[in-house]
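The values are calculated or read from the model by the stated rules, or taken from the named source; none is laboratory data. Note that the coordinates shown come from a computational prediction; the quantities given were computed from them, not determined experimentally. In this analysis, Cβ positions are derived from the backbone assuming ideal geometry, glycine residues included, and neighbour counts consider all displayed protein chains.
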Amino acid sequence: MKADKEYCMSSYLAFRYVYDKNICFKKGILHNDYKPIENDEKMSCKTAEEIDKNIKKQLEKIDLSKAALFLSGGMDSAILASYMPPGIKAYTAKCIGKNAVDETEQARKICEINHLDHVIVEVSWKDYDDLMDELMIADGSPIIPNEPQAYKMARKAKQEGSEYIIYGDCADTEFGGMDRMLSQDWNYDEWIKRYNFVDPEKVLKNAVSLSPVYDLYRVGEKGIDFITFIKEIYLTSASGAYSNACRLAAITSVDPYERLKMKEPLDLKRVRKGESKYLIRELFRMKYPGLEVPEKLPMSRPAEDWMKDWNGPVRSEFLPDCIEGLTGEQKLLVYSLERFLNLIER
């Protein structure tokens, strides 16, 4: 495997993972990334009823008495809660910090309906600080921002006797949940500007162009297949947080949505009119006819608060004052990258 620190730094900032599997940050430091299920291995779903049937089919193969559930305040994990046997533990993260989003009340309602044992796991910046290095060593790369909270929950579930973690992450990418990314028909240049989590050229002295990756999704001269990009590039980074965390905690992770796909093309008009994940919404209404469909919440971790006192990277690879104007989430990525570089040098 080839070592190319500059390429890996740029790829991580833009995509939150190293795109090229044959390139690593440093010789001997291999990055361990999530590998999406091949499309032809997925089960096609045309209706909410077919999603229901195919989730049941997968969960029947697992001893759910030995499982635990990651339960947020959203509809995806709430649907999965309806298949769980009474009494199993459902873990909800509660991040501690100013303006943190609290999903525990909505999760509690779902637990009461399904008679699950609700466990709230508080996650602070100290937890991130304590867990980040071992995650990065295991991953061979900087963290995905929600990875430490997933790891703390997975480790607790393992300690409390669970052998499986059930979670719902892939519904967003397959069933039209990324409503902001799907909000318009982006052209090639617009999509790059919209998608990059952090623009490498604004942070790194020797940024590497990632056009070869974006070019794989180019349509014509100015277009781009942003829907497939979301299903492949975004999915790899987003699902990596859970799979990496569970792997390190030595607990088997299961996302039933991971093996599902839409039989018909996504109806962008419905998504743009406010019906993101319209098939998932319909299934939620089937499972919980008395509840309002919960809308997607912003990220629960209070990154703005956690990163407010960080003055930015000091390593020579970074431009001076490069975090000026960045959001808390973006600062967390830059912080993680610098911390990882220091770690692998040691």
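The criterion of being in a helix (DSSP H, G or I) and out of contact with any Pro (no Cβ under 9 Å at 6 or more places or on another chain) does not hold for R315. Of everything listed in (1) closer than 30 Å to A171 by Cα; (2) buried (at least 17 other Cβ atoms within 10 Å of the Cβ); (3) in contact (Cβ under 8 Å) with a residue 40 or more places away in the chain; (4) in contact with a Lys or Arg (Cβ under 8 Å, 6 or more places away or on another chain), the single unmet condition for K287 is (4). Consider region 265-280 and keep the residues that are of a type outside the set (S, T, N, Q) and in a loop (DSSP other than H, G, I, E, B). The one that is surrounded by the fewest Cβ atoms within 10 Å (Cβ to Cβ) is P265. Scanning region 50-77 for residues that are over 11 Å from I110 (Cβ atoms) and of a type in the set (S, T, Y) gives a single hit, S65. Evaluating R108 against the criteria (1) closer than 30 Å to P265 by Cβ; (2) without any contact (Cβ under 8 Å) to a residue 24 or more places away in the chain; (3) of a type in the set (D, E, K, R) leaves one unmet condition, (1). Just one residue in the set S77, S11, S72 is on the phi < 0 side of the Ramachandran plot, under 23 Å from the mean Cα position of the chain (by Cα), part of a loop (DSSP other than H, G, I, E, B) and buried (at least 22 other Cβ atoms within 10 Å of the Cβ); that residue is S72.
Only a single criterion out of (1) exposed (fewer than 13 other Cβ atoms within 10 Å of the Cβ); (2) modelled with pLDDT of 95 or more is not satisfied by I55, namely (1). Of the helices (runs of 4 or more DSSP H) lying entirely inside region 134-223, those containing at least 2 residues that are of a type outside the set (F, W, Y) and buried (at least 16 other Cβ atoms within 10 Å of the Cβ) are 147-159, 171-175. Here S124, S72, S82, S162 are screened, and the one residue that is polar (S, T, N, Q) and within 28 Å of W310 (Cα to Cα) is S124. Considering only residues that are within 23 Å of the chain's Cα centre (by Cα) and assigned to a loop (DSSP other than H, G, I, E, B), look in region 238-264 and name the one that is farthest from Q58 (Cα to Cα). Per the criteria, the residue is A249. Look at region 319-340: where a residue is part of a helix (DSSP H, G or I) and a partner is of a type in the set (G, A, S) and buried (at least 20 other Cβ atoms within 10 Å of the Cβ), sitting 6+ places away or on another chain with Cβ atoms under 8 Å, you get G328/A303; E329/A303; K331/A303; L332/A303; F340/S141. Quick one: is G73 farther than 21 Å from E134 by Cα, at pLDDT below 95 and of a type outside the set (S, T, Y)? Criteria met by G73. You will find that of D40, D52, the residue that is part of a helix (DSSP H, G or I), among the charged types (D, E, K, R) and in contact (Cβ under 8 Å) with a residue 60 or more places away in the chain is D52 and no other.
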